[in-house]
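Report on the structure given below.
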Amino acid sequence: MGDSGGAWHLSCTVNGEPVEAEVDPRITLLTFLREHLLLTGTKGACLEGECGSCTVIVDGRPINSCLMLAGQAQGCSIQTIEGIGDDKKLHALQKHFIATGAAQCGYCTPGLIMAAKAMLDANPSPTEQEFTTAIEANICRCTGYESIRQAIRDAYREIHG
Amino acid sequence: MFYQPTDMAEALRLRAELGPEVVTVCGGTDVVVAMNHGVARPEAFLDLSRVAGRDSVERVNGIYLLGGGVTFAQMAKLPVRALAEAARSVGGPQIRNVGTIAGNLGTASPAGDGSVALLALDAEVELSHVERGSRWVRLEEFFLDYKRTALQPDELITRVRFPSDFESVWYKIGKRGAVNISIVCCAIGRSPAGAYRIALGSVGPVPMRAMEAEAVLNGDSTDAAHRAVAYLADEVIERAAEAAELEAAPIDDQRSSARYREAMCRVLVRRLLRELRDG
């Protein structure tokens, strides 16, 4: 890939759908998702990698979308909160976040669910420490985390029977 | 402008041709933070995230050779205790998945955990230029001053190497369990010949070696009999720990007072030397 002035042709996959867009590659992936694709489920808060609210899954790994440049998503497969379930069929994590009261103000919830999902997708038998580590960089100021951890454990049990 | 080379030769050519206003980026965990906060407004980027082989980890003839794009997540899995523990202490999974060792070294923060661990492991960094070729620089000579390094604007950090046979230990004092910037961190490495290297983070303008403390342990390096390798007596450990406290040169800032940091240098050096002794 060579140089480019101004707009770039970005090809990537978002929630399983191919995306072709002319964008400035210097904007963040967070801005691209929210303002170009109007996928506003992904939140921005600290914009410095401290809070985790912008977490999405890129090629199977959780990352902070506020710290990835749109150009760096070239050719990548991106999964956001909009891609994992909907009103008719919630993802197990969404269902159990509701059931345990793990979402209160809800701002951190999409990031927490994506961080947890990345771990559950990659790890068929997480230890207690791995449940904690998966969300160690996601800040919630409402719940105190115990209901969140419970929701993730419950989702794990549902997914793995 | 956004340059995204896929091989190192092309990356080096671009780095040499483009001016310093084109910012090198890979994980983005320093560069994009500065951009988001309006501290930096880069007009153009040289993105190294697609350069083939930059995340390679090799162990050849007793030497670890890491590509500059090796991430903290990768380093956390290496059987090199100080470096793995330092890597695990950085950020959270999201940061560790993208943050790289070349970025950690290039940013040259005094609180760079990976840099402190590598300093204790007697690491060297490879700085490469498309025409001048590569030069290996010891970390002591790489860190020049606060966030200033020996890297020239037309060079890239291409690899890092260090001996694979050091024992090492690590401890970091921070305010919480994750996404935790060091208040003080310390790494100690011990070579098979019994020479100690003590590195401290967040107690000076650059990651620093505690040379006075090392001298207490290593003595005259030509006289192996004087080395404390066989047995680190409590009294020897205490003298080394005191020397570390005296030679640390921290400042007061929002994370801690200078005095606390000095005191913690003594505590960490004492604790880690005992750990090396007692296993």
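Taking the residues in segment A:22-62 that are of a type in the set (Asp, Glu) and farther than 24 Å from B:THR71 by Cα as candidates, determine which candidate is modelled with the highest pLDDT. Let's see the steps before the verdict.
From segment A:22-62, those of a type in the set (Asp, Glu) are A:22, A:24, A:35, A:48, A:50, A:59; that's our starting set.
From what's left, farther than 24 Å from B:THR71 by Cα: A:22, A:24, A:35.
Details: A:GLU22: 95, A:ASP24: 94, A:GLU35: 98.
Checking each candidate, the answer is A:GLU35.
Going residue by residue through segment A:90-103, is there one that turns out to be within 14 Å of another protein chain (Cβ to nearest Cβ), within 15 Å of the chain's Cα centre (by Cα) and modelled with pLDDT of 95 or more?
Going residue by residue through segment A:90-103, those that are within 14 Å of another protein chain (Cβ to nearest Cβ) are none.
No, the conditions are met nowhere in segment A:90-103.
Here are some residues: B:ALA213, B:ALA243, B:ALA193, B:ALA199. Which one is within 27 Å of B:ALA84 (Cβ to Cβ), at pLDDT 95 or above and out of contact with any Leu (no Cβ under 6 Å at 6 or more places or on another chain)?
Working: B:ALA243 fails: within 27 Å of B:ALA84 (Cβ to Cβ); B:ALA193 fails: at pLDDT 95 or above; B:ALA199 fails: out of contact with any Leu (no Cβ under 6 Å at 6 or more places or on another chain).
That would be B:ALA213, the only listed residue that is within 27 Å of B:ALA84 (Cβ to Cβ), at pLDDT 95 or above and out of contact with any Leu (no Cβ under 6 Å at 6 or more places or on another chain).
Consider segment B:163-193. How many of its residues are among the hydrophobic types (A, V, I, L, M, F, W, C), under 22 Å from B:ILE63 (Cβ atoms) and surrounded by fewer than 24 Cβ atoms within 10 Å (Cβ to Cβ)?
Step one: of segment B:163-193, the residues among the hydrophobic types (A, V, I, L, M, F, W, C) are B:166, B:169-170, B:173, B:178-179, B:181, B:183-188, B:193.
Now drop any that are not under 22 Å from B:ILE63 (Cβ atoms), which leaves B:166, B:169-170, B:187-188, B:193.
So of that shortlist, the ones also surrounded by fewer than 24 Cβ atoms within 10 Å (Cβ to Cβ) come out as B:166, B:169, B:193.
So the count comes out to 3.
From the set of residues in segment B:31-51 that are within 9 Å of chain A (Cβ to nearest Cβ) and part of a loop (DSSP other than H, G, I, E, B), which is farthest from A:GLN74 (Cα to Cα)?
Across segment B:31-51, the extreme among qualifying residues is B:HIS37.
Could you tell me how many of the residues in segment B:72-88 are buried (at least 24 other Cβ atoms within 10 Å of the Cβ) and in contact with a strand residue (DSSP E or B) (Cβ under 6 Å, 6 or more places away or on another chain)?
So the answer is 2.
Counting just the residues of segment A:47-65 that are part of a loop (DSSP other than H, G, I, E, B) and without any contact (Cβ under 8 Å) to a residue 60 or more places away in the chain, which one comes out nearest to A:HIS36 (Cα to Cα)?
Among residues in segment A:47-65 that are part of a loop (DSSP other than H, G, I, E, B) and without any contact (Cβ under 8 Å) to a residue 60 or more places away in the chain, the one nearest to A:HIS36 (Cα to Cα) is A:SER65.
Of everything in segment A:93-144, what is surrounded by fewer than 16 Cβ atoms within 10 Å (Cβ to Cβ) and closer than 24 Å to A:LEU67 by Cβ? Give them in sequence order.
If the condition is that a residue be surrounded by fewer than 16 Cβ atoms within 10 Å (Cβ to Cβ) and closer than 24 Å to A:LEU67 by Cβ, then A:CYS105, A:GLY106, A:ASP121, A:ALA122, A:ASN123, A:GLU130, A:THR132, A:ARG141 are the ones that fit.
Check whether at least one residue in segment A:145-153 is within 13 Å of another protein chain (Cβ to nearest Cβ) and either farther than 20 Å from B:VAL90 by Cβ or in contact (Cβ under 8 Å) with a residue 12 or more places away in the chain (or both), and report yes or no. Walk me through how you get there before you give the answer.
Applying the first criterion (within 13 Å of another protein chain (Cβ to nearest Cβ)) to segment A:145-153 yields A:145.
Among the residues that remain, those that are also either farther than 20 Å from B:VAL90 by Cβ or in contact (Cβ under 8 Å) with a residue 12 or more places away in the chain (or both) are: A:145.
Yes, the conditions are met somewhere in segment A:145-153.
Before we move on, is A:ALA103 over 26 Å from A:CYS12 (Cα atoms), in contact with a Leu (Cβ under 9 Å, 6 or more places away or on another chain) and either in contact (Cβ under 8 Å) with a residue 24 or more places away in the chain or assigned by TED's automatic domain parsing to the domain that holds A:GLU136 (or both)?
On the way: over 26 Å from A:CYS12 (Cα atoms): yes; in contact with a Leu (Cβ under 9 Å, 6 or more places away or on another chain): yes; either in contact (Cβ under 8 Å) with a residue 24 or more places away in the chain or assigned by TED's automatic domain parsing to the domain that holds A:GLU136 (or both): yes.
Answer is yes for this residue.
Find the helices (runs of 4 or more DSSP H) located wholly in segment A:82-150 whose residues include 3 or more that are over 21 Å from A:ARG61 (Cβ atoms), and list them. Let's see the steps before the verdict.
Values: elements: A:92-100, A:109-122, A:128-134.
Correct list: A:92-100.
For segment B:57-81, give me the residue count where each residue is under 18 Å from the mean Cα position of the chain (by Cα) and either more than 19 Å from B:GLY189 (Cα to Cα) or within 14 Å of chain A (Cβ to nearest Cβ) (or both).
11
Can you find a residue in segment B:112-121 that is touching a residue at least 40 places away in the same chain (Cβ under 8 Å) and either within 14 Å of another protein chain (Cβ to nearest Cβ) or surrounded by fewer than 22 Cβ atoms within 10 Å (Cβ to Cβ) (or both)? Let's see the steps before the verdict.
Filtering segment B:112-121 down to residues touching a residue at least 40 places away in the same chain (Cβ under 8 Å) leaves B:112-121.
Among the residues that remain, those that are also either within 14 Å of another protein chain (Cβ to nearest Cβ) or surrounded by fewer than 22 Cβ atoms within 10 Å (Cβ to Cβ) (or both) are: none.
No; the residues of segment B:112-121 include none that is touching a residue at least 40 places away in the same chain (Cβ under 8 Å) and either within 14 Å of another protein chain (Cβ to nearest Cβ) or surrounded by fewer than 22 Cβ atoms within 10 Å (Cβ to Cβ) (or both).
Could you list, in sequence order, the residues of segment A:69-82 that are farther than 30 Å from B:ALA44 by Cα and crowded, with 19+ Cβ neighbours inside 10 Å? Don't jump to the end; show me each part of the working.
Here is the first cut: in segment A:69-82, the residues farther than 30 Å from B:ALA44 by Cα are A:81-82.
Matches in segment A:69-82: A:ILE81 only.
Can you pull out the residues in segment B:82-104 that are touching an Asp or Glu at 6+ places or on another chain (Cβ under 7 Å) and more than 9 Å from every other protein chain (Cβ to nearest Cβ)?
Within segment B:82-104, the subset touching an Asp or Glu at 6+ places or on another chain (Cβ under 7 Å) is B:86, B:89-90, B:92, B:103.
Selection gives B:ALA86, B:SER89, B:VAL90, B:GLY103.
Pairs only if they're at least six apart or on different chains, beta carbon under 7 angstrom, first in segment B:245-271 and surrounded by fewer than 16 Cβ atoms within 10 Å (Cβ to Cβ), second assigned to a loop (DSSP other than H, G, I, E, B); list them, first residue then second.
If the second residue must be assigned to a loop (DSSP other than H, G, I, E, B), the pairs left are B:ALA249/B:VAL203; B:ALA249/B:GLY204; B:ALA258/B:PRO250; B:ALA258/B:ILE251; B:ALA258/B:ASP252.
Evaluate segment B:4-26: report whether one residue or more is within 12 Å of chain A (Cβ to nearest Cβ), among the hydroxyl-bearing types (Ser, Thr, Tyr) and either buried (at least 20 other Cβ atoms within 10 Å of the Cβ) or not in a loop (DSSP other than H, G, I, E, B) (or both). Talk me through it step by step, then tell me what you get.
Initially, segment B:4-26 is screened for residues within 12 Å of chain A (Cβ to nearest Cβ), giving B:4-7, B:10-11, B:13-14, B:17-18, B:22-23, B:25-26.
Those left that are additionally among the hydroxyl-bearing types (Ser, Thr, Tyr): B:6.
In the following step, the residues that additionally are either buried (at least 20 other Cβ atoms within 10 Å of the Cβ) or not in a loop (DSSP other than H, G, I, E, B) (or both) were identified as none.
No, there is no match, as no residue in segment B:4-26 is within 12 Å of chain A (Cβ to nearest Cβ), among the hydroxyl-bearing types (Ser, Thr, Tyr) and either buried (at least 20 other Cβ atoms within 10 Å of the Cβ) or not in a loop (DSSP other than H, G, I, E, B) (or both).
The values are calculated or read from the model by the stated rules, or taken from the named source; none is laboratory data. This is a predicted model, so every value here is computed, not measured. Here the Cβ is made from the backbone with ideal geometry for all residues, glycine too, and neighbour counts use every protein chain on show.
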